[in-house]
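The block underneath contains the structure these notes are about, expressed in structure tokens.
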Amino acid sequence: MRRILLILSIVAMVGALFSSTIDIAYRLAKITQRKLIVMFSSPTCYYCILFKDKVLPDPKFQAVLVPNFVFVEIYPSSEKSELFAKEVLSIQSATYRDLFERFRVMGTPTFFFFKDKQVLGYLPGYLDGENFTKVLKYVAQEKKESLESYLKKEDPFEGTQVLIEVTEEEAQFVLAHEKNSQLIEKNVNSLDKRKIYVVKSKELADELLKRGVYRVLLVK
């Protein structure tokens, strides 16, 4: 029974890291000022499944992923994107199959990293958890040195603290679509520094940052 509960908790945890669509993921990334990872995938791809089973649930991987990125997986399907297609590709809409063609994805998994509309780079194929975590740190900090050189180093980076002013509508969008977000109205004893906290008080926002929280959304 204990083993079954552990497996279920891991499944739930992994599910919480995925955005449901690329448009939702793109908007979440913009509002929360995180980078976007699009995983071009296939339901029958062995290494895609291996990534989701072995790398994605890794606590060290999550420790860097959650504060710095929004993650979405897409298949070459007929599902459509409008927001991402319009803002990144300057076209009215595109199917996910079109996106595979537009980004010249030759195999799966392939991971594309975005900062707003800009493509920061891409990673084709499978990478083990330790090295992929280093790639996340490299991309999150927008390092200028070569990735090959960076991978040889130890870097304690986990995230950068930021206070973001948002509208009420933006706050509600984040709370509705980001499972790692929480609205709080007063200081609490227990905090998760990787959680995105939504507040309506500048004093509370400052206190959360003082206690080490990475991202705080302040409703204007």
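Laboratory data are not the source of any read-out in this text; all were calculated from the coordinates shown. All figures in this text were calculated on a predicted structure; none of them were measured in a lab. For neighbour counting, all protein chains shown are included, and Cβ atoms are generated from backbone atoms with ideal geometry for every residue, glycine included.
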Spin-label model distance (nm) - K179 vs F157, 7 Å beyond Cα toward Cβ: 2.7 nm
Net charge, K220 excluded, C-beta distance under 13 Å - Lys, Arg +1, Asp, Glu -1: -2
Charge sum, other residues only, whose C-beta stays under 12 Å from A94's C-beta, Lys/Arg counted +1 and Asp/Glu -1: -2
Computed label-point distance, nm, for sites K60 and S149 using a 7 Å Cα→Cβ extension: 2.4 nm
Relative contact order for the chain, counting Cα pairs under 8 Å that sit 6 or more residues apart, in percent: 21 percent
Reciprocal mean inverse distance between Cα atoms of the stretch 82-220 - Kirkwood radius, Å: 17.8 Å
Stretchable slack from D206 to E79, in nm (0.36 nm times residue separation minus alpha-carbon distance): 41.6 nm
Surrounding net charge for F112, when Lys and Arg each add one and Asp and Glu each subtract one, Cβ distance under 13 Å: +4
Cα-projected label distance for S90 with L120, points at 7 Å along beta-carbon direction, nm: 2.4 nm
Helical mean residue ellipticity (222 nm; -39500 (n - 2.57) per DSSP H run of 4+; nearest 500) of the chain: -11500 deg cm²/dmol
Sequence ranges 146-154, 63-71, 207-215, ranked by mean other-Cβ count within 10 angstrom, highest first: 63-71, 207-215, 146-154
